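Structure record follows, encoded as structure tokens.
The values are calculated or read from the model by the stated rules, or taken from the named source; none is laboratory data. As the structure is a prediction and not an experimental result, all values here were calculated from the model. All Cβ positions, even for glycine, are placed from backbone atoms using ideal geometry, and neighbour counts span all protein chains on display.
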Amino acid sequence: MRKLRPWLYLLPAIAFLGVFMVYPLIDVMIYSMEEGYNSASQTYFGVGLYNFRYVLRDPYFIQALKNTFILVIITVPLSTGIGLLIAVALNSIQKLKDLFQTIFFLPYVTNTLAVGLVFMILFKKTAYSDGLINVLIQTFGGTGVDFIDGPYWAKMFVLCFYTVWVVLPFKILILTSALASVNEDYYKAAKIDGTSRWRIFWKITLPMISPMIFYLIITGFIGAFKAYSDAVALFGTDLNAAGMNTIVGYVYDMLYGNGGGYPSYASAAALILFAIVMTITCINLLISEKTNV
Amino acid sequence: MKVILEHLTKRYPSRDKNGKDVIAVNDFNFEIPDGKLIGLLGPSGCGKSTTLNLISGLESPTEGKIWFGEDDVTDLPPEHRGVGLVFQSYALYPHMTVRQNIMFPLQNLKGKDKLSKEAMNQKAEEAARLVQIERLMERKPREMSGGQQQRVAIARALVKMPRILLLDEPLSNLDARLRLQTREEIRRIQKNTGITTVFVTHDQEEAMSISDEIVVMESGILQQIGNPQHVYDEPVNLFVAKFLGTPAINVFEGEVKGGRLFIGGQDVLAVSGVEDQPVSVGIRPEGFILSEDGPFRTKLVQVEVMGRDTSVVSEHPDCVSGLIRSIISAENRVEAKDGNVAFELKPAKVHIFRKDSGVRIPYPEQERHV
Ligand SMILES: Nc1ncnc2c1ncn2[C@@H]1O[C@H](COP(=O)(O)OP(=O)(O)OP(=O)(O)O)[C@@H](O)[C@H]1O
Ligand SMILES: [Mg+2]
């Protein structure tokens, strides 16, 4: 009885996790191994790795994989870096600190559609306007680009911009509170010793808040790998046509999209994503463990 | 290096709308002699840390000047003052080893002061030897005891051989025994290096035991400065008398009439030459002598034998500090008559203070016994 007690307490959580997390995961694994599954008749031909082979050869999937990786590699360091910069600046101002903090946090509580609208105004070419950014480029003598329907790099730029924009407030919030929690005495001691600001930042501030930075990088990686809705908000639902699909978008399309009804392919793609995220998270944790105090 | 504070004042603007400014340090004038250890003593919030921060340069004074020897350092930034500061929290960098912590100040040196790696290591090791932690150089702060961390903090403050060493309540995080040890240690280090040192504490015993001179302050105002024994024996006012000594001084309402001191109608002592007036009377616990027909009768509450000494706890209606605590040698038998116990008083241990201002009134009988 003694030994069972803890498990009893955990039972509700375990049951919940089992039903909504473990069971679907196993189900996905089973789907991904069933070749030629037909959802109407619930039949399949055989068992094997065919689905994975198919997905990995599908040019749409390769495109989605490439897009996702570019998105991750660009936005995670960029948003964390910019977030840190802004947080440090916020932390060092005295007057109106709260006001600025609120301003920087506003996008976080703003409706996604409203943010999307702002980006439309900034970037979209319509019959009436070329978009604010293009107008700006043109006034400075450049030639405008169609950011929503134009070349790949322009679309990728907008997607990255949007992603950074959306995740930034949360990072700033976390980092400002991490900075504020560093004991003032460390800075006083450093000041007495004549430490330069640069050195204070690299040798004291950064190590002190490194656990929070690692947290943001890990969650940032996971979040960016799961990107989908941002791309939809910018480029519409037919992401394959726009060449801007992401892995999650690919999974969704395989399930419900125009050419939908392929749960086996969707499952295989989802598992590939799972493996990637898991690997990267493990690497991250290992690194953070090594550098930790 | 001697330190001179000249009309030093620090005002903080008030936070609430109609409040007055907080005067953390109010017109300080004193001199810290070269090579001495000064204990800065006072209750919480009296401005001790502020004074220290002014000397270190972390805060700049609202008014007044600070001199290090012949140099006016009032407008000098902290890094150019050549001070070492030890914080109450130690402020050791948790991600660095002891060696890296101690070397940190040296690595900041630029230009012609820049040291080679070997020189830095050597200096760090010297400082570590001074505080006897040379065997812990590769540890991280969290792998050490409070006392050891404390020593690292001192070593870090000493490594650049500062002109002045400032310690802000460095012992308050330690347990009673370690405190005793560490304060002796600090005394030893100070003696060995001869660095002028300011030691902040709110523990009067700590300050009295290690300081060459103590500075007693309250609400930003300097009360008294001097040799610990002198300040104890001749407090300038009631506050200082109450603040120093354990058990604390016993305070009574009294009256001087015709050169005699009365407490509750009992004529207890001769105080010749003092004008007739109501006074506050402070009697040190060691100022009582058991005497069957002594002039000062109190109601006995209990007798506590504490090894060497006996503490007699008694009551008197005019005592304003609660119970009366007196300490007498354990050889004396305490005999109560009808629940009363009588004392003779040692004039050197009896202080009288003005009722209004609390300023001490000296009287000739007292001098004779010192
Ligand atoms: N930055 C500040 N702004 C406003 N008031 C302050 C500031 N720093 C200190 N004070 C006030 O100045 C007074 C003296 O503070 P200080 O820290 O010097 O006290 P302390 O003697 O060191 O007390 P403790 O023994 O508790 O450390 C206090 O009343 C405090 O509230
Ligand atoms: Mg203090």
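Points to keep in mind about this one:
- Conditions (1) within 30 Å of B:Asn121 (Cβ to Cβ); (2) outside any loop (DSSP other than H, G, I, E, B); (3) more than 15 Å from ligand 1 (Cβ to nearest atom): number failed by B:Leu85: (3)
- Flag for B:Gln88 being more than 16 Å from ligand 2 (Cβ to nearest atom) and either buried (at least 18 other Cβ atoms within 10 Å of the Cβ) or in the same structural domain as B:Arg187 (by TED's automatic domain parsing) (or both): no
- Residues in the range B:1-29 that are touching a Phe, Trp or Tyr at 6+ places or on another chain (Cβ under 9 Å) and surrounded by fewer than 16 Cβ atoms within 10 Å (Cβ to Cβ): B:His7, B:Asp21.
- When each of B:Glu218, B:Glu169, B:Glu205 is tested for being on the phi > 0 side of the Ramachandran plot and within 16 Å of ligand 1 (Cβ to nearest atom), the lone residue that passes is B:Glu169.
- Spans of strands (runs of 3 or more DSSP E) in the range B:182-247 with at least 3 residues more than 27 Å from B:Gly82 (Cα to Cα), of a type in the set (S, T, N, Q) and within 16 Å of ligand 2 (Cβ to nearest atom): none
- Unmet requirement for B:Arg179, which otherwise passes all of (1) within 11 Å of the chain's Cα centre (by Cα); (2) of a type in the set (D, E, K, R); (3) away from chain A (no Cβ under 14 Å): (1)
- Summed over the range B:78-99, the residues that are at the interface with chain A (Cβ under 7 Å from one of its Cβ atoms) and either under 20 Å from the mean Cα position of the chain (by Cα) or under 17 Å from B:Arg142 (Cβ atoms) (or both) give a count of 7.
- Test: B:Arg163 is modelled with pLDDT under 90, buried (at least 18 other Cβ atoms within 10 Å of the Cβ) and either of a type in the set (D, E, K, R) or within 16 Å of ligand 2 (Cβ to nearest atom) (or both): no
- Subset of the range A:187-232 that is charged (D, E, K, R) and surrounded by fewer than 21 Cβ atoms within 10 Å (Cβ to Cβ) - its residue that is farthest from the other protein chains (Cβ to nearest Cβ): A:Lys226
- Considering the range B:267-370, the qualifying strands (runs of 3 or more DSSP E), each wholly inside and each with 1 or more residues that are under 23 Å from B:Leu238 (Cβ atoms) and in contact with a Ser or Thr (Cβ under 7 Å, 6 or more places away or on another chain), run over B:288-290, B:296-306, B:309-315, B:324-329, B:340-345, B:350-354.
- All positions within the range B:34-62 that are near ligand 1 (Cβ under 10 Å from one of its atoms), within 14 Å of another protein chain (Cβ to nearest Cβ) and in a helix (DSSP H, G or I): B:Ser49, B:Thr50, B:Leu52, B:Asn53, B:Leu54
- Among the residues of the range B:55-71, those identified as within 16 Å of ligand 2 (Cβ to nearest atom) and farther than 22 Å from B:Ile186 by Cα are B:Leu58, B:Glu59.
- Every pair of residues 6+ apart whose Cβ atoms lie under 8 Å, when the first sits in the range B:33-47 and is in contact (Cβ under 8 Å) with a residue 60 or more places away in the chain while the second is near ligand 1 (Cβ under 6 Å from one of its atoms): B:Leu40/B:Lys48; B:Leu41/B:Lys48; B:Leu41/B:His202; B:Gly42/B:Lys48; B:Gly42/B:His202; B:Pro43/B:His202; B:Ser44/B:His202; B:Gly47/B:Ala24
- Count of the range A:24-82 residues which are in contact with a strand residue (DSSP E or B) (Cβ under 8 Å, 6 or more places away or on another chain) and assigned to a helix (DSSP H, G or I): 3
- Counting only helices (runs of 4 or more DSSP H) wholly contained in the range A:84-155, the ones carrying 2 or more residues that are closer than 22 Å to A:Lys171 by Cβ and in contact (Cβ under 8 Å) with a residue 12 or more places away in the chain occupy A:97-109, A:112-123.
- Any hit, the range B:13-21, residues being in contact with a Pro (Cβ under 9 Å, 6 or more places away or on another chain), acidic (Asp, Glu) and either within 16 Å of ligand 1 (Cβ to nearest atom) or under 27 Å from B:Gln132 (Cβ atoms) (or both): yes
- Residues that are among the polar types (S, T, N, Q) and either in a helix (DSSP H, G or I) or in contact (Cβ under 8 Å) with a residue 12 or more places away in the chain (or both) within the range A:185-236 comprise A:Thr205, A:Ser210, A:Thr219, A:Ser229, listed in sequence order.
- Residue-level analysis places B:Ile66 outside the set of residues that are more than 9 Å from chain A (Cβ to nearest Cβ), over 25 Å from the mean Cα position of the chain (by Cα) and surrounded by 16 or more Cβ atoms within 10 Å (Cβ to Cβ).
For every residue, the table says whether it meets (1) within 30 Å of B:Leu106 (Cβ to Cβ); (2) at pLDDT 90 or above; (3) surrounded by fewer than 21 Cβ atoms within 10 Å (Cβ to Cβ).
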{"position": "B:Arg156", "(1), (2), (3)": "yes, yes, no"}
{"position": "B:Asp168", "(1), (2), (3)": "yes, yes, no"}
{"position": "B:Glu213", "(1), (2), (3)": "no, yes, yes"}
{"position": "B:Val231", "(1), (2), (3)": "no, yes, no"}
{"position": "B:Leu244", "(1), (2), (3)": "no, yes, no"}
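- Some residue of the range B:33-54 being farther than 21 Å from B:Leu167 by Cβ and surrounded by fewer than 22 Cβ atoms within 10 Å (Cβ to Cβ): no
- Options B:Met103, B:Met120, B:Met96; residue that is modelled with pLDDT of 90 or more, of a type outside the set (D, E, K, R) and in a loop (DSSP other than H, G, I, E, B): B:Met96
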